[in-house]
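Notes to accompany the following structure.
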C-alpha cells in the first residue's frame, strides 16, 4: 500500500481492484449488471400497480419474491459447491437476460398483465437465489483472505451506488418511456456481466467433492450451526431488521410530514433514499474498518445502533431530523454488513462457500420482510410512529440479548488479527 493511502485511513481500500485483475473485471461486470437490475426492481412493481391499482398486491409481491429466493438460495448454494461456479454464473445471467428481454418485448406490444409480471418476478427471484451464492463463493478464489474486509466495503459501495442511481434513472425512464425500456436496458447489462465472467482466467481449481443433493444442503446447515460466530451474523441481523425495518410504512410517514394525502409523494422518494445515502457514505469513509480487531462486537454495535436510530426516526416530528436518523441508520447497517461479510469470507471453507452464501442470503432477506410485515400489523393497532418506536426498542433490547447469549461471537477477532 502506498504511503499516501496510509495517511488517509478513512478512505475505502481500492487496492484489491488494482492488484487483482480477475476481481477487477468481475466487479465491473457485476456493477453494470446490478445497475440494470435496479431499473427492473423499480419498473416491475410500477407496471404491476399501473395494471391492477392494488396496494395489497404490491405487498404480496414481496412474499412472492421471498419464497422463491429462499428456495433458490438453499439449492443454489449447494449447486455452487457441486459444479463450476463460473459456468453457473453464466447460466444464471443468461436466464435473467432472457426473462428481462421477454418482459421488454411484451411491454412494447402492450401485453403486460399481472400474471406475467408476478411469474417473471418469481422466476427472477429463483434465478437470483442461484446467482448470489455463485458470485459470493467465486470472489474468495480471486483475492487473498487479508483483503476480505476491503472486498466487503467495495461490494457495499457497488450496491449502494446502484441503489441510488438506478431508481433515480428508472423514475425518469418510466415517466417518459415506460417499463419496456427499463427492462430492455437491464437485459443488455446482463450481457456485460456475462462477458466479464467469460474473461476470467486465473481461478484456481476447487476440489468438487460435493454432489448436488438434499444431504449437501443439510451439511451446510450443520456447519453453520456449529460455528457461533456464523450464527451470530445471522441472528443479530435478523433480530435488528425484524423489529426495526420501517420501509413499508414510508408512504404513511410521508403523508404525515406532508399533511395531505396528495403531497406525500414529495417526501416518499427522500425517505426511500435515506438509508442508501447513509450506506454509501459509510462505504466512502470505511478505511478505518481495516484496523478493527473485534469483528463480532462491531456487528453487535452496528445492529444495536440501527435499532436505536430507528427509535429516533419513529419519534421525529421534523422531516430533516427524521432524514438524519435514516442516513445514520443506513451508515450503521452498512458497517454491520461489512463485518458480517468479512467474517463469512475469512472463516468458511471454499468447498462450503456456496451453501453458506445461500444461508446468508436467506438471513438478510428474511429480516426486512418479517420486519415490514410485523410493523405494518403493529401500526394498525398503535399508529405508525408509536409502532416504529416501540418495535425498535424491542429490537435494541434483543440485540443486547444476543450479545449475552453469544459470547464467542461477541469476542470473535478477525482472522488476520489472531
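The values are calculated or read from the model by the stated rules, or taken from the named source; none is laboratory data. Since we're looking at a predicted model, the values are computed, not measured. Virtual Cβ from ideal backbone geometry, glycine too; neighbours counted across all protein chains shown.
Structure above, values below:
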| read-out | value |
| --- | --- |
| Check on residue 281, modelled with pLDDT under 85, part of a helix (DSSP H, G or I) and not assigned by TED's automatic domain parsing to the domain that holds residue 157 | no |
| Exclusive hit being within 19 Å of the chain's Cα centre (by Cα) and within 30 Å of residue 82 (Cα to Cα), set 154, 142 | 154 |
| Test: residue in the stretch 45-61 that is within 22 Å of the chain's Cα centre (by Cα) and either modelled with pLDDT of 85 or more or under 30 Å from residue 290 (Cα atoms) (or both) | no |
| Qualifying residue in the stretch 254-266 (condition: part of a loop (DSSP other than H, G, I, E, B), closer than 27 Å to residue 346 by Cα and modelled with pLDDT under 80) | no |
| Which listed residue, of 365, 413, is in contact (Cβ under 8 Å) with a residue 60 or more places away in the chain and not in a helix (DSSP H, G or I) | 413 |
| Residue match in the stretch 267-277 (condition: in the same structural domain as residue 375 (by TED's automatic domain parsing) and either modelled with pLDDT of 90 or more or touching a strand residue (DSSP E or B) at 6+ places or on another chain (Cβ under 9 Å) (or both)) | no |
| Index of the failed condition, residue 235 passing every other in (1) modelled with pLDDT of 85 or more; (2) not in a helix (DSSP H, G or I) | (2) |
| Residue list for the stretch 98-113, filter: surrounded by fewer than 15 Cβ atoms within 10 Å (Cβ to Cβ) and under 25 Å from the mean Cα position of the chain (by Cα) | 98 |
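Here is a yes/no grid of residues against (1) buried (at least 24 other Cβ atoms within 10 Å of the Cβ); (2) in contact with a helix residue (DSSP H, G or I) (Cβ under 8 Å, 6 or more places away or on another chain); (3) over 21 Å from residue 220 (Cα atoms); (4) at pLDDT 80 or above:
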| residue | (1), (2), (3), (4) |
| --- | --- |
| 315 | no, yes, yes, yes |
| 328 | no, yes, yes, yes |
| 340 | yes, yes, no, yes |
| 358 | yes, yes, no, no |
| 377 | no, no, yes, no |
| 388 | yes, yes, yes, yes |
| 397 | no, no, yes, yes |
